[in-house]
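Please read the structure below before turning to the comments.
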Amino acid sequence: MGEVRLFPGLLSPPAGLDFLRFPAEEGLHLVAFGEGALEALRAAFREEAKSLVLLSPILRRDALLTAKLRALRFGLERGGVEGFATIGRALFFGPLAAESEEVFQAWREGLDEEKVRLWLEQVEGLGDERRWLRGTKARVLVVQGALDAFTPPHHGQEAADFAKGEALRFTLEGAGHFVPWEAWEEVRSLVADFLLGESFRLPGGLAL
């Protein structure tokens, strides 16, 4: 039986990624969300991971992402965590989740200023970290929301393109950046099969 290690990132809802801890084939398997992708890739390089799941990965900054980060920092400096969360609501959630006060408040309650500032520093400091994908032969699953306004689907496509080993990419309709929680049933199904080495036989994926 394999080891599954989770990298939930700093902006994950309080529930985290524990719902994605499944049995896996022998070896090390890493599951990461958001900026947690970089820490997972470094671990994959050091420890020769068998597989790597990247959920809405943040691995580089472009001009548009930099502008979004500036807006989020402006919200934090002017309105504290509430200001950050207000802007984040438009960037991180798909349409159904964005209009739900229950979903928004569940995420908001998990935020504090120290964590938000650390997240901003980490993402603002990113170079082009896709290069870490060249340092591992792990098979890669990339999952994104089709309506991710923060890191649009081409970010996931780039990650899959940089993978040295086998890669599979899915975009899930109606979901945003928080796809693991917005489309949790679909994500659970994909990850559960992938950790057992079965996802490359699933219909609907883009194998690269």
Out of the residues in the range 46-70 that are among the acidic types (Asp, Glu) and over 16 Å from Asp148 (Cα atoms), state the one that is least open to solvent (accessible area, probe 1.4 Å). Glu47
Can we say Phe74 is among the aromatic types (Phe, Trp, Tyr), in contact with a helix residue (DSSP H, G or I) (Cβ under 9 Å, 6 or more places away or on another chain), open to solvent by less than 30 Å² (accessible area, probe 1.4 Å) and at pLDDT 95 or above? no
Checked pairs for the range 161-188, first farther than 15 Å from Val31 by Cβ, second polar (S, T, N, Q) and surrounded by fewer than 22 Cβ atoms within 10 Å (Cβ to Cβ), C-beta under 8 Å and 6 or more apart or across chains, list as Arg169/Gln157
Consider Glu77 carefully, then state whether it is over 25 Å from Phe162 (Cα atoms) and of a type in the set (Asp, Glu). yes
Can you tell me which of (1) of a type in the set (Asp, Glu); (2) surrounded by 13 or more Cβ atoms within 10 Å (Cβ to Cβ); (3) modelled with pLDDT of 95 or more is the one Glu185 doesn't meet? (2)
Please specify each residue of the range 119-156 satisfying the condition of being of a type outside the set (Lys, Arg), more than 24 Å from Ala97 (Cβ to Cβ) and loosely packed, with under 14 Cβ neighbours inside 10 Å. Glu121, Gly125, Gly127, Asp128, Gly135
Condition check: without any contact (Cβ under 8 Å) to a residue 40 or more places away in the chain and closer than 20 Å to His29 by Cβ. Does Gly197 satisfy that? no
Kindly indicate which of Val116, Val103, Val31 is open to solvent by 50 Å² or more (accessible area, probe 1.4 Å) and within 21 Å of Asp148 (Cβ to Cβ). Val103
How about the range 1-109: which helices (runs of 4 or more DSSP H) wholly inside it have at least 3 residues that are without any contact (Cβ under 8 Å) to a residue 60 or more places away in the chain and within 20 Å of Ala159 (Cα to Cα)? 36-47, 63-92
Which members of the range 1-29 meet the condition of being closer than 13 Å to Leu52 by Cα, touching a Gly at 6+ places or on another chain (Cβ under 9 Å) and among the hydrophobic types (A, V, I, L, M, F, W, C)? Leu6, Phe7, Ala24, Leu28
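The values are calculated or read from the model by the stated rules, or taken from the named source; none is laboratory data. Bear in mind that the values here come from a model prediction, so they are computed numbers and not experimental data. Cβ: placed from backbone, ideal geometry, glycine included. Neighbour counts: every protein chain shown. Note: areas computed on protein heavy atoms with side chains; ligands, DNA, RNA excluded. Shrake-Rupley method; radii C 1.70, N 1.55, O 1.52, S 1.80 Å.
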